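Just below is one structure, and these are the notes that go with it.
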Amino acid sequence: MSDVMQNEAVHARPELLAAADQAARDKGIERDEVLEAMEQAIQKAGRSKYGHEHDIRAVIDRTSGAITLARYLEVVEDAAAVENEITQLTLEQAKQRKADAVVGEFLIDPLPPIDFGRIAAQTAKQVIVQKVREAERKRQYEEYQDRIGEVVNGLVKRIEYGNVIVDLGRAEALLRRDESIPREHFSNGDRVRAYIMDVREETRGPQIFLSRTHPQFMAALFKQEVPEIYDGIIEIKSVARDPGSRAKIAVQSHDSSIDPVGPCIGMRGSRVQAVVGELQGEKIDIIQWSPDEAAFIVNALAPAEVSKVVMDQDAHRIEVVVPDDQLSLAIGRRGQNVRLASQLSGWDIDIFTEAEESERRNEEFRARSALFVEALDVDDVIAHLLVTEGFSKVEEVAFVQIEDLTDIEGFDEDVARELQARAQAYLETRDAEFDARRRELGVEDDLIEIEGITNELMVALGEAGVKSRDDLGDLAGDELLEIAPQGTMTLDAANQIIMAARAHWFADEDAAAGDGEADAASGEDGGDAPQAS
């Protein structure tokens, strides 16, 4: 700093520091942030007085409160490096003022203190208020960003179009109408307990979003009411809610001597009733979680009784058979019970009565028997035996180990080999028909090279207008699933086929990029190469 500046008398301003301390306490922010806001306000007023094009900076002494105002000039190498003649000067010019000046240094010219007029004072106040507000918003965002997933208490400050503005003490939060429990009404001054669902930093400041319908809100309430959950002895594995109506919660005990359900209910239901009261009477089923998925789903469908389950691991789907008189209980009002059980377990659940399941099995038996009668040219007895032993497709008969056929009662080796020969002949004839049909439809040959594509699927694709790899690559997984013959493909398999169809796109892009690099390299090499005359 120049000698002139050092010799200038600087007056202490303790009232400035006192005002900064008071603002920091009131807003819950750091003292330095308030002082920085004041410095920016003084800088703005200085630029208004001396010219906005100048680099004018203000510094408030953190001990005395004294204000120093100065103009800064950056030292650059030469005239060619000067971008702004008002804020920069060359090294030669700088050395005329300071013999040991170096490039990159700032020469500081002190300015007389500003006599704040009414306009300047108002401008300074606006800057200070704005900067303090920004600091407060930053503090709020940092504080509540780390509290996502917590349950907080607040007071209703106002209600806007059904949305509730909640005063949390040091910030305001928004409880949207769709995040409130149905038929729940609030008035100004009501106390609200809610779950911090999200915190977003927006232009108007941090927005804190609350929810009373989120499944984890109920989980957090149980954690507050049940010491065993808080201590980690009992773990909440999953939660499913129909807010305001009914919910299911799955719990597991990490201590074999403690039943997970009992502590959640509490003495005479005191603990669960406290949660039910907070959720406006929402009925809660507390279910013991099990690593056996079938057993867990049976538990999740309580209070309905289950006779049998059939799981499809690939489709992540389960068929549940219940007694005829248990169907309405298993499904629940408007499908509520089975829907919550599905959300709780993560499985798609289909419910059948014993009568429906028996009829469906009989229909499948008749259809498979009819398929074998037609394809293998056998009588009903042999067809029934094959279905009874678990054969469902002609392909299974054609390519199974011969011992698996001879193990069927009444089948010797000659019968087994004859059945296999007929099955293989049927498949060859069928594939030839499919191949002729897909050629007629104009489906390209290279589709059959994709793993998972069959002649039957190629015909279905051709009939749907999908005739090339590009056409197939343009489909979504669920679109391919609709085109494929029913029951022949899962969504995962459809997605894998589509990605395989798209593979040549990425290969072409890589090849084009490689050619571009090769051309560039060739161009560079060619520039130095001698030209033939």
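The values are calculated or read from the model by the stated rules, or taken from the named source; none is laboratory data. On a predicted model such as this, the values are computed, not experimentally measured, just so you know. Backbone-built Cβ (ideal geometry, glycine too); neighbour counts: all protein chains shown. Accessible surface areas use protein heavy atoms only, side chains included; no ligands, DNA or RNA. Shrake-Rupley method; radii C 1.70, N 1.55, O 1.52, S 1.80 Å.
If I filter segment 228-243 down to residues being of a type in the set (Val, Ile, Thr) and within 12 Å of residue 255 (Cβ to Cβ), which single residue comes out as most open to solvent (accessible area, probe 1.4 Å)? First the steps, then the outcome.
Taking segment 228-243 as the starting set, the residues that turn out to be of a type in the set (Val, Ile, Thr) are 229, 233-234, 236, 239.
Still in the running and within 12 Å of residue 255 (Cβ to Cβ): 233-234.
Numbers: 233: 56, 234: 3 Å².
Ranking the qualifying residues of segment 228-243, first place goes to 233.
Do any residues in segment 475-498 that are under 21 Å from residue 392 (Cα atoms) have Cβ atoms under 7 Å from those of residues that are in a loop (DSSP other than H, G, I, E, B) and not aliphatic (A, V, I, L, M), where the two are at least six apart or on different chains, and which pairs are they?
Qualifying pairs under 7 Å: 490/314; 493/452.
Do any residues in segment 132-154 that are more than 17 Å from residue 38 (Cα to Cα) have Cβ atoms under 6 Å from those of residues that are assigned to a helix (DSSP H, G or I) and among the small types (Gly, Ala, Ser), where the two are at least six apart or on different chains, and which pairs are they?
That search, which allows pairs on different chains as well, returns 151/220.
Assuming residue 257 fulfils every condition listed in (1) part of a loop (DSSP other than H, G, I, E, B); (2) among the hydroxyl-bearing types (Ser, Thr, Tyr); (3) closer than 28 Å to residue 337 by Cα apart from one, which condition is it?
The one condition residue 257 does not meet is (3).
Mind listing whichever residues of segment 357-407 are open to solvent by 80 Å² or more (accessible area, probe 1.4 Å), without any contact (Cβ under 8 Å) to a residue 12 or more places away in the chain and within 30 Å of residue 338 (Cβ to Cβ)?
Once the filter is applied, which keeps residues that are open to solvent by 80 Å² or more (accessible area, probe 1.4 Å), without any contact (Cβ under 8 Å) to a residue 12 or more places away in the chain and within 30 Å of residue 338 (Cβ to Cβ), segment 357-407 yields 359, 361, 363, 366.
How many of the residues making up segment 193-222 are of a type in the set (Val, Ile, Thr), more than 23 Å from residue 250 (Cβ to Cβ) and buried (at least 21 other Cβ atoms within 10 Å of the Cβ)? Lay out the reasoning, then the answer.
Going residue by residue through segment 193-222, those that are of a type in the set (Val, Ile, Thr) are 196, 199, 203, 208, 213.
Next, from what is left, pick out any that are more than 23 Å from residue 250 (Cβ to Cβ): 196, 199, 203, 208.
Now narrow it down to the ones that are buried (at least 21 other Cβ atoms within 10 Å of the Cβ): 196, 208.
Counting residues in segment 193-222 that are of a type in the set (Val, Ile, Thr), more than 23 Å from residue 250 (Cβ to Cβ) and buried (at least 21 other Cβ atoms within 10 Å of the Cβ) gives 2.
Within segment 322-361, which residues are closer than 23 Å to residue 215 by Cα, assigned to a strand (DSSP E or B) and more than 25 Å from the chain's Cα centre (by Cα)?
None; the set is empty.
Give the residue that is farthest from residue 289 (Cα to Cα), with candidates limited to residues of segment 217-247 that are aliphatic (A, V, I, L, M) and free of Cβ contacts under 8 Å to residues at least 60 places away in the same chain. Step through it out loud before you land on a result.
In the first step, residues of segment 217-247 are kept if they are aliphatic (A, V, I, L, M); the result is 218-221, 226, 229, 233-234, 236, 239-240, 247.
Pick out the ones that are also free of Cβ contacts under 8 Å to residues at least 60 places away in the same chain and you get 219, 226, 229, 233-234, 236.
On the way: 219: 15, 226: 17, 229: 14, 233: 14, 234: 11, 236: 9 Å.
Among those residues, the one meeting the criterion is 226.
So in segment 285-326, with the set limited to residues that are touching a residue at least 40 places away in the same chain (Cβ under 8 Å) and of a type in the set (Gly, Ala, Ser), which one is surrounded by the most Cβ atoms within 10 Å (Cβ to Cβ)?
Top of the filtered list is 300.
Out of 496, 486, report the one residue that is over 20 Å from residue 427 (Cα atoms), open to solvent by 80 Å² or more (accessible area, probe 1.4 Å) and of a type in the set (S, T, N, Q). Can you show your working first?
Numbers: 486 fails: over 20 Å from residue 427 (Cα atoms).
Checking each option against the conditions leaves just 496.
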